[in-house]
Amino acid sequence: MAVEEKVAQLFGVWVGASREGGEVAPHQHDMEEAVDLDGLLPNGLGQLTRPFGTAPVDPAIGALSLLRTQERITRANRFAIPALAHEECLAGFATWGATAYPVPLSWGATFDPALIREMAGAIGRDMRSVGVHQGLAPVLDVVRDARWGRVEETIGEDPYLVGTIATAYIQGLESAGIVATLKHFAGYSASVAGRNLAPVAMGPRERADVILLPFEMAVRESGARSVMHAYTDTDGMPAVADEWLLTGLLRDTWGFGGTVVADYFGIAFLKTLHGMAGTWAEAAGAALVAGVDVELPTVKTFGGPLLDAIAAGQVPEALIDRALRRVLVQKAQLGLLDPDWSPVPSGLAGADLSDPEAVRGSVDLDPPANREIARRIAERAIVLLSNDGTLPLGRPGKIAIIGPNANDPLAVLGCYSFPQHVLVHHPGVPTRIGLPTLREALAAEFPGTEIVTAPGTTVDGLDTGGFPEAVELARGADVVVAALGDRAGLFGRGTSGEGCDAESTALPGVQQGLLDALIGTGTPVVTTLLAGRPYALGDAAGGSAAIVQSFFPGQEGTSAIAGVLSGRVNPSGRLPVSVPRRPGVHPSTYLSARLAQVSEVSNIDPTPAFGFGHGLSYTTFEWSDLEVADSEAGTDGELRLAFTIRNTGDREGAEIVQLYLHDPVASVVRPTQRLIGYARVPLGPGQASRVRVTVPADLASFTGREGRRIVEPGELELRLSASSTDPRLAATVTLTGPVRHVDHTRRLHAAFAVSVPGDEDA
């Protein structure tokens with residue numbers, strides 16, 4: 001291949017995006033330039049950016065258009081190499097008419113990797129059916145500050161939970177033949193003060209033990225074939241130019257063999273934002289040296305500037321060859337280099353391709369099976385934070401649904417859903433998916449009950465003029481459902497989402513004032529949050545009759561919430577992030593050392609209102625009969641525990657067993673406790689299960705003083721808990737022997753064996 005042909009495989013083109021279009025990526029308007037596609041194609045093309053996710057297009061028409069584009073690309077280049085098409089799929093395939101699933105923060109709330117794997121498989125099959133090859137998901141960033149706008153895109157604040165749920169998602173996506181993309185590697189979520197793209201002030205120990213752990217797990221266990229670099233810089237080093245990170249750790253140590261792709265315009269940001277490159281060519285060279293293989297979303301630095309730098313001897317052609325080999329290997333894995341490759345996707349098999357109108361409407365990306373998965377996730381993700389006995393509601397005579405999210409069909413969607421991400425730029429275009437409002441869902445759930453509603457205020461407005469009407473309706477009702485929370489958007493157009501960072505974790509606008517006024521009526525208030533981050537409710541947390549937390553639960557979300565309120569659904573969701581007690585206290589993550597918690601040396605109490613892992617049920621569970629089979633093991637051994645869980649209530653439910661490790665004395669400061677395992681245990685009324693847990697000593701490892709991961713001898717406490725703030729059983733155990741060094745091949749999981757109910761003694 002000529003050098004021009006090699007370089008052409010290393011960038012994408014964003015057809016349909018322009019300076020005049022809607023802004024859906026950082027600095028899109030600054031970076032987009034007219035692309036001469038006819039001039040590019042004779043040399044080939046690496047990727048096509050978002051052929052379905054840029055504007056509303058019927059899926060079948062989009063598939064046919066992509067097919068024609070691929071035919072054009074293969075005819076134009078002498079090796080007949082097709083482009084790889086990528087799309088967003090953070091909460092479902094981000095295209096018009098596709099199922100809108102709950103956001104990743106809801107995935108974390110399920111504590112159910114198998115269900116998330118099932119969802120991802122469905123998403124992947126839909127993408128493949130229309131000719132897409134790569135999905136830009138999942139996000140493996142660990143929440144460090146809830147003010148960050150992209151919290152909704154994350155899975156939670158604990159690296160083990162993030163790693164296990166993300167790995168399951170990747171396995172599902174890859175099982176459908178879609179290249180999953182791990183992002184954002186690494187440290188994006190730890191930006192100073194939770195500001196998007198702000199610098200990261202983080203030491204190597206926090207980076208290794210918190211930020212990198214989910215990526216390490218995913219690389220080892222998921223089969224992921226792509227990684228996307230983070231935008232941010234850590235201690236002055238942007239991830240896009242960090243050779244230690246993208247090559248030394250990712251490839252040389254962990255053994256990753258796939259492609260590293262740029263976050264949108266991230267290479268150019270070395271010049272425009274980071275100030276580490278004086279020219280586009282210097283930016284391209286720095287990224288190539290670090291290990292970036294593909295420039296996305298469109299050609300900027302990897303085109304003419306890179307070719308000029310190669311010609312001038314400033315960038316070795318060997319770096320081009322290295323990246324090209326990875327790109328072509330991936331295309332070969334996808335079958336794109338097979339002699340009999342066909343651009344016709346499965347969704348168009350047998351269709352009359354000569355007539356676009358004949359195929360219109362023939363591809364269904366929101367079938368009943370998808371919606372069933374979305375429903376199960378939404379139901380398992382809802383977290384009942386508090387309840388004074390008001391829930392379930394039974395059959396009240398009159399419900400007042402008050403709040404800005406009471407009648408908004410988009411209140412269940414995150415910023416990377418197609419309606420919130422793209423359709424906002426196309427007013428009047430229908431969503432093509434069912435999005436019942438909370439009012440509609442409650443009316444369907446409570447037939448015969450009088451439903452009245454008022455917004456009270458907007459999500460982020462300051463107008464309190466609607467308060468009197470809201471208070472009057474509340475006083476005349478049997479119960480109030482306060483529908484509060486966020487509006488998803490991008491770059492300041494919402495209260496949650498990319499570029500929508502918050503000054504504090506107070507409810508946006510005057511929603512807190514509305515909630516306080518509703519509670520002041522004396523009518524029981526069920527505070528219902530449809531949000532992208534946790535919010536501190538202040539005194540209203542105690543004044544609410546119940547608090548129901550959902551994190552943008554997708555198109556089946558309002559029905560799931562209604563089911564929880566009626567009792568049709570027994571809530572089993574658990575918090576993937578802590579809920580702060582006061583809006584100005586940061587950070588609120590449970591994963592903190594002793595001095596980060598309440599102490600006598602500070603007047604600020606950062607204790608959360610509801611801790612990580614918390615969630616209530618309509619039944620009760622008893623934990624008993626702890627047996628420590630092995631209370632002592634070598635630093636290379638394992639410990640074994642067993643205990644019994646019994647459902648002592650009168651209805652079926654699921655308990656989430658959470659295993660935390662507390663290391664009272666270590667050679668460096670450690671978090672007070674950290675999650676090292678969990679299991680979902682469903683039980684019918686009166687049923688019991690015997691749960692056996694095997695804990696490898698490797699799970700006690702951490703980064704020691706010298707920067708190497710070690711397992712130290714000494715006393716540990718294993719806490720079997722219902723949440724990070726609710727330990728039920730505890731075992732003191734001891735590791736013996738020498739300090740042991742471990743690496744990326746160490747064991748990462750505790751093994752849970754749950755007996756069949758009724759056979760708990762088996």
Value of relative contact order over the chain, rounded to a whole percent, pairs C-alpha under 8 Å and six or more apart: 13 percent
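Between Rg and the Kirkwood Rh of region 615-762, both from Cα atoms, what is the Rg to Rh ratio?
1.02
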If neighbour count is taken as other Cβ atoms inside 10 Å, put Val585, Val526, Val139 in order from fewest to most. Val585, Val526, Val139
Please tell me the relative contact order of region 90-172 in percent, rounded to the nearest whole number, where contacts are Cα pairs under 8 Å and at least six residues apart. 40 percent
Label-point separation in nm, Val669 to Asp235, each point 7 Å along Cα→Cβ: 1.7 nm
Which value does Rg/Rh take for region 145-192 over its C-alpha atoms, Rh per Kirkwood? 1.01
Return the Rg/Rh value of region 289-391, two decimal places, where both radii are evaluated on C-alpha atoms and Rh is the Kirkwood radius. 1.23
If r is the Cβ-Cβ distance from Ala730 to Glu706 and R0 is 30 Å, what FRET efficiency results, to the nearest 0.05? 0.45
Partner lysines for Lys300 [C-alpha distance under 22 Å; skip if fewer than 8 residues away on the same chain]: Lys6, Lys183, Lys271
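Count the DSSP beta bridges whose two residues both fall in the chain, then state the antiparallel fraction as a percent rounded to the nearest 5.
Here the antiparallel bridges make up roughly 55 percent for the chain.
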Roughly speaking, what is the stretch gain from Ser504 to Arg692, that is 0.36 nm per residue apart minus the C-alpha to C-alpha distance, in nm to one decimal? 63.5 nm
Cα atoms only: what Rg and Dmax, in Å, come out for the chain? 26.1, 79
What one gets for region 695-762 as the Kirkwood radius, inverse of mean 1/r over different Cα pairs in Å, is 14.3 Å
Quickly rank 69-80, 346-357 as a protection proxy: mean count of other C-beta atoms within 10 Å, highest first. 69-80, 346-357
If R₀ is 30 angstrom, what is the calculated FRET efficiency for the pair Glu440 and Thr464, using the beta carbon separation as r and rounding to 0.05? 0.70
Length gained when the stretch Arg75-Phe752 is fully extended (0.36 nm per residue, less Cα-Cα span): 238.3 nm
Take peptides 123-131, 159-167 and line them up by average Cβ neighbours within 10 Å, highest first, as a rough protection proxy. 159-167, 123-131
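Using per-residue counts of other Cβ atoms within 10 Å, averaged over each peptide, order 604-612, 495-503, 663-671 from highest down.
Listed from highest to lowest mean packing, they are 495-503, 604-612, 663-671.
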Once you place label points 7 Å from the Cα toward the Cβ at Glu600 and Glu221, how far apart are they in nm? 4.2 nm
In nm, to one decimal, how far is the modelled label at Asp38 from the one at Asp539, with both set 7 Å along Cα→Cβ? 7.2 nm
Quote the convex hull volume per residue of region 375-596, based on C-alpha atoms, as a whole number of Å³. 128 Å³
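Readers should treat all values here as calculations from the given coordinates under stated rules, not as data from a laboratory. From a predicted model like this one, the values you see are computed outputs, not experimental measurements. Using ideal geometry, Cβ is built from the backbone for each residue, glycine included, and neighbour counts are taken over all protein chains shown.
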